[in-house]
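Notes follow once the structure below has been shown.
None of the figures in this text is laboratory data; all of them are computed from the coordinates on show. Only a predicted model underlies this, so the values are computations on that prediction, with no experimental measurement involved. Cβ atoms come from the backbone with ideal geometry, glycine included; neighbour counts cover every protein chain shown.
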Amino acid sequence: MRVMVVVKANKDSEAGVLPDQKILTEMGKFNEELAKAGVMLAGEGLQASAKGARVRFEGPKKRTVIDGPFAETKELVAGFWLWQVKSMDEAIEWLKRAPFQEGEVEIRQVFETEDFGENLTPELRKQEKEVGKRAAANAKR
């Protein structure tokens, strides 16, 4: 199963304060362990919300762009991992080893194609497979 591990923002990440060398070293070692174990599929930190935007959708045509920064820091994402694990328990055990000193990190299971059952018609399955191939090729650029 795949899970997304969502690292929540805090006042420092939102202020653009970058991690110090000690934290970067510890996180690098942890990421190395994840990669060697075949768990880590992707992982990145995100810029502060001041450099972001949101698009609000209202009905079929109305789109409103809201520029950052956004007020509720506790609801913002500062980074993520995408992991391949056998179970949620395995994901939790890996996350407990992360070198975080404070904050909260969320783990969410990613939907897989088979989760959609009959609603994902053969045509939609084919389309999904093609999009996946293109996305993988894009990631290699």
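Longer than 21 Å from Cα to Cα, which of 22/96; 51/74; 86/126; 8/96 are they? Say none if no pair is.
Values: 22/96 19 Å; 51/74 17 Å; 86/126 26 Å; 8/96 15 Å.
Long pairs (Cα-Cα over 21 Å): 86/126.
Hey, got a sec? Which GluC sites (Glu not before Pro) in segment 73-110 land in a DSSP loop and have at most 16 other Cβ atoms within 10 Å?
Details: sites: 75, 90, 93, 102, 104, 106; in loops: 102, 104.
Counting only loop positions with at most 16 other Cβ atoms within 10 Å, the GluC sites (Glu not before Pro) in segment 73-110 are 102, 104.
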Extended-chain gain in nm, criterion 0.36 nm per residue less alpha-carbon gap, residue 1 and residue 101: 33.3 nm
Quotient of Cα Rg and 2.2 N^0.38 Å for segment 1-134, N being how many residues it contains: 1.26
Leading residue at positive end of dipole, segment 53-141 (Cβ point charges), from 59, 105, 70: 59
Furthest towards positive pole of dipole, 5, 46, 21, structure part the chain, Cβ charges: 46
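Rounding to the nearest 20 debye, state how big the charge dipole of the chain is about its Cα centre with +1 on each Lys and Arg Cβ and -1 on each Asp and Glu Cβ.
On the way: 24 positive and 24 negative charges, 135 e Å.
The dipole of the chain has a size of about 640 debye.
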Computed over segment 44-83, the ratio Rg/Rh where both radii use C-alpha atoms and Rh is Kirkwood: 1.08
